[in-house]
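The values are calculated or read from the model by the stated rules, or taken from the named source; none is laboratory data. Predicted model, so just to flag it, every value in this text is computed and none were measured. Heads up, the Cβs are rebuilt from the backbone with ideal geometry, glycines too, and the neighbour counts pull from every protein chain shown.
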Amino acid sequence: MHFKTKQLRENIGKHELIPDRLNEMKNFYKNETAYIVTCGPSLNDTPQEELRKKLKDKLVIANKQAYNRLGGIVDFHTLNIINYQPYAYENDKTLTIWEVFEQWHPQLILQNNWPCHLMLPVVGNHIPNPQRMDESQAGKLNFEDWTLDKTIHRQFGPGMMYEVIFHLAVYLGVKKIIVVGWDIGDLSSYSGNDPNEIVFHDHCYSTKENKYGDVIEAKCGMTYRETQVVIDSTKPLKEWLNSKGIELELVSNKSSAHKSIKRVKL
């Protein structure tokens, strides 16, 4: 966990409104490196002990079940209801950021007393396909239109990486992003090129009971079209980040992201 996060948690606690909390976060980690850890199968290539040791004092954004590999060193835990499981937080300084896209999601979060420091609404995800993919951030490549200094609404990505996580890192003022385990999906895992075919891509965890906990809510796969759109958007994403003075690197030997994104080791 980054040494500044305790102070940010205290600053955010002074406010009830989402815009006020966001204002406390803007450029709070200016010129730092953000480590985004997500749930692709390549995350299993780095032993948990080694992962925690190398990231223990870094700025860490963990998506969903990646939290279980990092625990108390996580600065930001990003969540939605898709593939949700309960979490036992090791550190009360970890900031939880939820995206919500159904009217009942806020009520579910509050009724269960799940930690929530920010709640960000997703828009555009109920448009029927193929228009939904065409209008997505990955489809239109309009990442600049959805920065957090412009709006708290999160345009359909598809996926949290585009809806919340990259935008969060940019908003925090970082100069470099290193993503661990962003494998996206493999188009060869589909039986053909039917845009509506759904595949449940591998993750670093199982959807069955295991030591990392059960996935209990909204198990969800990806269509061929969704996977293709995200893969095709990764080069423009890198170029957009570069235009803002932010380097993008990737720790994964399984990722379908564009080869122009530099592969590194932790």
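Kindly establish whether Gly40 is touching a residue at least 40 places away in the same chain (Cβ under 8 Å), crowded, with 19+ Cβ neighbours inside 10 Å and either closer than 28 Å to Ile109 by Cβ or of a type in the set (Val, Ile, Thr) (or both). Outline the logic, then answer.
Numbers: touching a residue at least 40 places away in the same chain (Cβ under 8 Å): yes; crowded, with 19+ Cβ neighbours inside 10 Å: yes; either closer than 28 Å to Ile109 by Cβ or of a type in the set (Val, Ile, Thr) (or both): yes.
Against the criterion (touching a residue at least 40 places away in the same chain (Cβ under 8 Å), crowded, with 19+ Cβ neighbours inside 10 Å and either closer than 28 Å to Ile109 by Cβ or of a type in the set (Val, Ile, Thr) (or both)), Gly40 qualifies.
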Kindly establish whether Gln65 is farther than 20 Å from Lys176 by Cβ and buried (at least 20 other Cβ atoms within 10 Å of the Cβ). yes
Filtered residue count, the stretch 147-174, keeping only those that are under 23 Å from Tyr67 (Cα atoms) and of a type outside the set (A, V, I, L, M, F, W, C): 9
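Does Asp92 satisfy being under 14 Å from Ala169 (Cβ atoms) and acidic (Asp, Glu)? Show your work before the answer.
Values: under 14 Å from Ala169 (Cβ atoms): no; acidic (Asp, Glu): yes.
Criteria not met by Asp92.
Does Tyr212 fit the bill of being within 15 Å of Ile82 (Cα to Cα), among the hydroxyl-bearing types (Ser, Thr, Tyr), at pLDDT below 95 and assigned to a loop (DSSP other than H, G, I, E, B)? Show your work before the answer.
Values: within 15 Å of Ile82 (Cα to Cα): no; among the hydroxyl-bearing types (Ser, Thr, Tyr): yes; at pLDDT below 95: yes; assigned to a loop (DSSP other than H, G, I, E, B): yes.
No, not satisfied.
Check whether at least one residue in the stretch 185-198 is modelled with pLDDT of 95 or more, outside any helix (DSSP H, G or I) and of a type outside the set (Val, Ile, Thr), and report yes or no. Before you say what the answer is, go through the steps one by one.
First pass over the stretch 185-198, keeping only residues modelled with pLDDT of 95 or more: none.
Within the stretch 185-198, not a single residue is modelled with pLDDT of 95 or more, outside any helix (DSSP H, G or I) and of a type outside the set (Val, Ile, Thr).
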